[in-house]
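Just so it is clear, none of the values below were taken in a lab; they were calculated from the coordinates. Being a predicted model, the structure only gives us computed values, none of them experimental. A quick note on method: Cβ atoms are made from the backbone with ideal geometry, for glycine too, and the neighbour counts reach across all protein chains shown.
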Amino acid sequence: MSEGRNLLSVRGLNAWYGGGHALHGVDLDVHKGETVTLIGRNGVGKTTTLRAIMGIIAKRTGEVRFDGQDLMTVPLHRIAHRGIGFVPEERGIFATLTVEENLFLPPLIAKGGISIDEIYELFPNLKERRASAGIQLSGGEQQMLAIARILRSGVKLLLLDEPTEGLAPVIVQRIGEILRTVKARGMTVLLVEQNFQFAAKVADRFYLMDQGLVVESFPTSELLARQAKLNEFLGV
Amino acid sequence: MVLIFGIPLQALLGQLLVGLINGSFYAMLSLGLAVIFGLLRIINFAHGALYMLGAFVGYLLLVYFSIGFWPSLILAPLAVGLFGIIIERVALSRLYDLDHLYGLLFTFGLALVIEGTFRYYFGASGQPYAMPALLSSGTNLGFMFLPNYRVFIVVASLVVCIATWFLIEKTRLGAYLRAATENPTLVRVFGINVPLLLTVTYGLGAALAGLAGILAAPIYQVSPLMGTNIVIVVFAVVVVGGMGSIGGAIIMGYMLGIFEGLTKVFYPEASNIVIFVIMAIVLLIRPAGLFGKIT
Amino acid sequence: MADTNLALPVERSTVAPYKILFLVMAIVLLVAAPWFFYPIFLMKVLCFALFAAAFNLLLGYTGLLSFGHAAFFGGAAYFTSHAVTVWSWRPELGLLFGVAGAAALGLVIGFLAIRRKGIYFGMITLALAQMFYFFCLQAPFTHGEDGIQGVPRGNLFGVIPLGDTLNMYFFVLAVFLIGLFAIYRIVHSPFGMIVKAIRENENRAISLGYSVGAYKLAIFVMSAALTGLAGGAKALVFQFATLNDVTWQMSGEVILMALLGGIGTLIGPLVGATLVVTLQTYLATSVFPVTIVMGLTFMVCVLTFRRGVVGEFYHSRTGRGLTQKDGD
């Protein structure tokens, strides 16, 4: 595995959350252009891993490198400017802002982001509702908006936390299409996902997490062979 | 003589104008309070002191540097805003993670210090501040005399309130502010410097108070105590309007000012307390305020 | 974490033997004090200490910050003064009248203010107290700017002349001790436990079926009544009641006393009141304005010293290790 291909590399990441020790030394790599999925039971630290990479959890030790540069000492509001975007599990749509204001909220980080016209092409619903307040959107629309506003900002790496949670199959399918579009444009994605079927369609590799650690890593091609064992492990 | 409810029309219109003037100051001050509270979650007890500071900056510029009203209209809010920025950086920024009541207590102490200091150097009595020559005359409307400066205050405060409302509701910076009010962490994650935003917001709120102060200087006297009682009235205004609403703060400011003016005509004894009475009634009927949601 | 909450549960409910010893020693010292200090000064300290303790009964045990307690303090001073001056009531009855008046005022203000929480509660109490201030400014019985002057101290129970300074001192000391005992009983009663539970988790208290509003109002009225006790006593000591005691500055002063001494402790407000009154007495003779010193004390307290003198003492001696893991 050559270092040059690594966009994100995490070594020995520990994090403390609400008084508890949540991550016990997570190691993972995400290569340029890859889509990598973190799987694991509830509460093993998948979301915490994303939040710790992003710097939202301040109490953390270890090493997080992005494009070869250390992120641990970068203040929270500078991290996005290095080229990382975060779509939180709860989506984080601002209720008092209109759809359009939500879309334009993340500042442009770099060139090469998806233009607003393309965004509206990809997400016709958002165009229709661009003057509505964020609070009026359906769950699916909120998720689309949460992803769209990050895509517009031109980040290189997208951290995506359970984008399909609680959404109708049609919408899940739509999100899958969007992720494939994103991938085709060369964007890198680190995904947390419970929905196997969905993850299998978009991911190149999987990391399996347990008790605050990455315990296994395998390519999507091995997913089928491991399915039975994983189902047992995840208690599906 | 025209009488309305047994009151001469002139007296009624006169008090209406006085009420509108007071309302202009209430609106500007409660707007600043609401802007600061929205993002910092701090009730700025020092708002009255900052208002007084604005008037005194104008007064001192005139006395020591012969700088008149018009330049002071820019310089006083700038100076007070800068002072606010320093206060936020040095002190308030250390209180954000604590119970919000500490912010109230700190700014209360700050108000005592500012007012105490000015009282120490200038005494409790007011200093006159000349009206700008351009506006010192008035217009005779036939049924009443309309001093130009008072019209200027109402127009200026309307312009300031609408501009601030526009800034917050319709611009990119305003969207940042509103988003940071909802979820400051996520706004930081998106790459926006929220601590800087907080500093700027307090500076803006302070500058608004300073602007109200310099506008007030020519009609009220410049006195160290001019801000002490008005800040409590303004608190009542924002309780009535509902703290979360910028528009509510502005509208209630003008309305309650006018109400107070009318009370002076019909029942002068109650004019001091009418705003508090209205606050009590609103609390009974709509505890969240007329434009607010319970938070 | 304790740092982020204004109300600090420092008080221990068990009575250790050394505490009883302290109590006895404190009472002995207070009884002997008028032979060593200026009695009027001591009585002022006692009145303000009771005021601060009564204020802290609300803030420290419910987390409700009242910015309007001057209304009860100064209001009771007017009521007591009026009763003993105009109606020629005996001092103890005048005092009770002040307490009743403050309680009634507390009922009205509390009823409105408990509709909101946190900062709003503070602003509403402030505004309503300011309304009362304007009422006092204009009502005939308060004599406006002049206040009620020449209030007679009279004879306690009709026999003990309070014009005698020592008699007056022991009367005020008795009032102070009764007031403190009442606060102690309230805090450690089942009622007090429920009030503290409401502070910790209001929603849980509601789901357990407690009518939270009624409890808040009750503790508010008790705090107001005990504040009235202090205010009425002060009027008898100084033999006047003025507007000064109903101003918002007075409400701020009592907050400072509680904050400086230690919010949520029984002794803290007493220490804070002693410090503030001493400071005021000291500064009264200097040209340096008291308000600046008070304001600076406020700012320093909030920035560096949030537990107050007594709170910091408790924290350093017994609280160490218990709270450190929370990042104090």
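Over chain C, what is the relative contact order in whole percent, taking alpha-carbon pairs under 8 Å and six or more residues apart?
Computed over chain C, the figure is 32 percent.
Comparing Cα centroids, segment C:42-67 and segment A:161-236 end up 60 angstrom apart.
Classify segment C:172-328: rounded, prolate or oblate, from the alpha-carbon gyration tensor (a ≥ b ≥ c, eigenvalue square roots; a/c under 1.5 rounded; otherwise prolate if a/b is larger than b/c)? Here segment C:172-328 falls in the oblate category.
For the options A:T35, A:T98, A:T47, a Gaussian network treatment of chain A with springs between C-alpha atoms closer than 10 Å singles out A:T98 as fluctuating the most.
Take each residue in C:113-121, count the other chain C-beta atoms within 10 Å of its C-beta, and the mean is 6.
With R₀ set to 51 Å, the beta-carbon distance separating B:L134 from C:Y210 gives a calculated FRET efficiency near 0.20. Here the dipole of the protein assembly as shown is about 420 debye; that uses its Cα centre as origin and unit charges on the Cβ of Lys and Arg (positive) and Asp and Glu (negative).
Would you mind telling me the antiparallel percentage of the DSSP bridges in chain A, rounded to 5? The antiparallel proportion sits near 60 percent.
What is the distance in Å between the Cα centres of segment B:136-170 and segment C:168-244? With segment B:136-170 and segment C:168-244 each reduced to a Cα centre, they are spaced 49 Å. The mean sequence separation of alpha-carbon pairs under 8 Å and at least six residues apart, normalised by the residue count of chain A, gives a relative contact order of 28 percent. The mean number of Cβ atoms from other chains found within 10 Å of a Cβ in peptide B:41-50 is 2, as a whole number. Helix A:223-234 and the longest principal axis of the Cα set of chain A meet at an angle near 80°. Per-residue mean of foreign Cβ neighbours for A:94-100 is 4 (Cβ atoms of other chains, 10 Å radius). Using the alpha carbons alone, the radius of gyration of the protein assembly as shown stands to its Kirkwood radius in an Rg to Rh ratio of 1.04. In this rough spin-label picture, where each label sits 7 Å from Cα along the Cβ direction, the C:Q239-B:F145 distance is 5.2 nm. Residues A:F218, B:F276, C:F240, ranked from the fewest to the most other C-beta atoms within 10 Å, line up as A:F218, C:F240, B:F276. On a 0 to 90 degree scale, rounded to 10, what angle separates helix B:9-40 from the longest Cα axis of chain B? So the inclination is approximately 0 degrees.
Taking the Cα centre of segment C:2-326 as the origin and placing charges on Cβ (Lys, Arg +1; Asp, Glu -1), which of C:F170, C:P17, C:I119 is farthest toward the positive end of the dipole? The listed residue farthest towards the positive side: C:P17.
Quick check: net charge around A:L97, other residues with Cβ under 9 Å of its Cβ, Lys/Arg +1 and Asp/Glu -1? Could the numbers behind the result be given before it?
On the way: positive: B:R178; negative: A:E100, A:E101, B:E182.
Summing Lys/Arg as +1 and Asp/Glu as -1 gives -2.
Spin-label pair B:L196-A:V215: with each label point 7 Å from Cα along the Cα-Cβ axis, the two points sit 4.5 nm from one another.
Maximal additional length on extending the A:H81-A:E222 stretch stands at 47.2 nm, based on 0.36 nm per residue less the C-alpha distance. Taking B:R119, B:R150, B:R188 as the candidate residues, the one with maximal mean-square fluctuation in a Gaussian network model of chain B, Cα springs under 10 Å, is B:R188. For chain B, set up a GNM with springs between Cα atoms under 10 Å and report which of B:A163, B:A49, B:A236 has the largest fluctuation. Maximum fluctuation in the GNM of chain B, among the listed residues, is at B:A163. Hey, how many Å between the Cα centroid of segment C:276-312 and the Cα centroid of segment A:20-80? Spelled out, the Cα-based centre of one part sits 47 Å from the other.
Local charge for B:L13 was computed over the other residues whose Cβ lies under 14 Å away, with Lys and Arg +1 and Asp and Glu -1, and equals +2. Most simply put, the protein assembly as shown has about 65% antiparallel DSSP beta bridges, counting only bridges with both residues inside it.
Using square roots of five times the C-alpha gyration tensor eigenvalues, list the equivalent-ellipsoid semi-axes of segment C:2-326 in whole Å, biggest first.
Semi-axis lengths for segment C:2-326 are 30, 23, 20 Å.
Taking square-rooted eigenvalues a ≥ b ≥ c of the alpha carbon gyration tensor, is segment B:37-196 rounded, prolate or oblate, where a/c under 1.5 means rounded and, failing that, a/b exceeding b/c means prolate? Taking the square roots of the gyration eigenvalues as a ≥ b ≥ c, segment B:37-196 is oblate.
Within chain C, which whole H helices from DSSP have a Cα span along their axis of at least 27 Å and a mean Kyte-Doolittle hydropathy of 1.0 or more, if any?
Helix filter hits for chain C: C:39-62, C:91-113, C:118-138, C:165-188, C:212-238.
Given +1 at the Cβ of Lys and Arg, -1 at the Cβ of Asp and Glu and no other charges, the dipole of segment C:2-326 around its Cα centre is 820 debye to the nearest 20. Distance between the pseudo-spin-label points of C:A139 and C:V108 (7 Å out from Cα toward the beta carbon): 0.7 nm.
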